[in-house]
1. How large is the charge dipole for the range 64-152, taken about the Cα centre, if only the Cβ atoms of Lys, Arg (+1) and Asp, Glu (-1) carry charge, to the nearest 20 debye?
2. Suppose every K and R has +1 on its Cβ and every D and E has -1 on its Cβ; what is the size of the dipole of the chain about the Cα centre, in Debye to the nearest 20?
3. Looking at the chain, what % of its DSSP beta bridges pair antiparallel, to the nearest 5?
4. Please compute, over every Cα-Cα pair in the range 263-361, the percentage with a separation greater than 21 angstrom.
5. State which helices in the chain qualify, where a helix is a whole DSSP H run, it must extend 27 Å or more along its own axis by its Cα atoms, and its mean Kyte-Doolittle hydropathy must be at least -0.5.
6. Identify, among C256, F83, I200, the residue whose Cα sits farthest towards the positive end of the charge dipole of the chain, taking +1 on the Cβ of Lys and Arg and -1 on the Cβ of Asp and Glu, with the dipole about the Cα centre.
7. Work from the charge dipole of the range 237-387 (Cβ charges, +1 for Lys and Arg, -1 for Asp and Glu, about the Cα centre) and give the residue of F281, V307, L291 farthest towards its positive end.
8. If you take the C-alpha gyration tensor of the range 81-262, multiply each eigenvalue by 5 and take the square root, what semi-axes do you get, largest first, in whole Å?
Amino acid sequence: MSRDVQRICPACGSMDWEELVHIGTGRVMTGDQRIVPGHLHKIMCPCCGVAANARVLSAEELDHLYGDSYILNTHGREEHHFFSMGRLIPRSEVFYEWILPHLPRNFKTLLEIGCGEGNVLARFADAFPGRSFFGLEGSHQACELAKVKGLSVEQGLVSGDRSLPPVDAILALNVLEHVEFPGPFLAAIHKSLGKDGRAIFTLPVQDYPGYDLFFAEHVWHFTSRHCQAVLARHGFATVYADVTHPINHGIGIFVCEKMPSADATPYPDLVSIIRNKDIWFTRFTVTDNWLELRPGKRIALFGASEVVTLLLAFTSLGGRSLVACIDEDPSRLGNRKHGIEVVAPEWLAIGKADAVLLAINPKYHATVREKLDKYQVEIFSFVEQES
Ligand SMILES: [Zn+2]
Ligand SMILES: [Zn+2]
C-alpha cells in the first residue's frame, strides 16, 4: 500500500487497507455519467469490509469537482425519472415521499446539504409554508438555479471549519458517499442539529448488487450495517433504516437522532463489496471477450444511460467506434450519448448494425432480446452465461 493512503475507516477506525479494484483502461466513470481520464483504484478495510477510494482528493480538487464539473441536478436539465406503475416519477418526488414520514414533528427549520438545484427542497418548501428551508450546495450554477426557485441556498461544501446554522432537520441525500472526511462532516451536522432534531441520510448500499463501486468520485462504499456503524461512531442513533425502496433500487435511507458517540463495532461484511466487484468484473470480461471475436463488426448499444457509461469506461467498448445507441424513450432520440447518436429500435430495420450489445440493467435483457428478435442482428447480453 502506498504511503499516500491516509484514510481511517469511518466504520471501525482501522487504518489498514487492502487492494480491491485497479482498472487501467485510462478512463473512469463518474456518478453523474461522465467519462473522464483516470485510473479506478479502490481499497478495502480488511477488518470490516468498507471500501474506499485509494486517493484522497484535496480541498482544491473537491471545489473544482463539485463547484464546476459535477452535472447531476445542477444544470437545470430535466431530472431523472423512475418508470413505475405505468408512469414516470421524478427523482425529487421519490425522495420527498420517502423522507416525509420521518421528519421531526413540528420542525421549524430544515437544511439540505448538497441540495443541487433544489428540486427536493422546493417540494418541502411548497408543502410547509411558514417554515424555514435552507440549502447548501457546492455547484455555483446549481445555487443560482435554486435561487431562481425562491430558495435560500448558499454555495459551499461542509468541511471541518464550516459551521452550519442551528436547525431541526438536516437532509443529506446521496452525499455522504462523496465526503472525503466523514468525521468533520458528521460533527458539523451533529453540532447544528437541535436536541430533538433528525438527520436523514440516503446513499447507495452494497447490500444491493449495484455498480457504484465503479464511480470514481464515490469515496465510500458501505453496506447498511457499515453505514449505521459510521453514524453511531459519530453520535447518531439510526431510528429507522430501509434499503428496499420499491423503485429507488440500491439506495438506503437512514433516519438519525443524536446520541452520545458509541464505539459501535460494525458487523463485519467482507462479502458484499467483493461480490459486487466480482459480478461486474465478470460482465466486463465477458463483454471484452465477445468484442475481441468481432473486430470490424458494426456494433450498436441498446440503452442510453448509466450502463452504457459503465461499459464505455471499463471495457474495450470505449476504444471502438459504435454505430448507435438504441433507446425506447422518445425524449432521448436525436441526443448523443458520449458522442453516439441515440436512435429508436426501428432504426435496426435499415441494416446499419451487425450486432446489438444490451447495455441496460440486466433485469430487462430478456424482454428486450425478445423485442429485437425480428431484426437480422446478433444480440449480446453480458449476463447470459450467469446462472
Ligand atoms: Zn453519488
Ligand atoms: Zn473498517
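1. Charge dipole, the range 64-152, about its Cα centre: 340 debye, nearest 20.
2. 260
3. Rounded to the nearest five, the antiparallel share is 50 percent.
4. 40
5. Once both thresholds are applied, what remains is 271-292.
6. F83
7. L291
8. Listed largest to smallest, the semi-axes of the range 81-262 are 22, 21, 17 Å.
Rule-based calculations on the coordinates, nothing more; no lab input. Values in this document were obtained by computation on a predicted structure and should not be read as measured data. Positions of Cβ are generated from backbone atoms using ideal geometry, with glycine treated the same way; all protein chains shown enter the neighbour counts.
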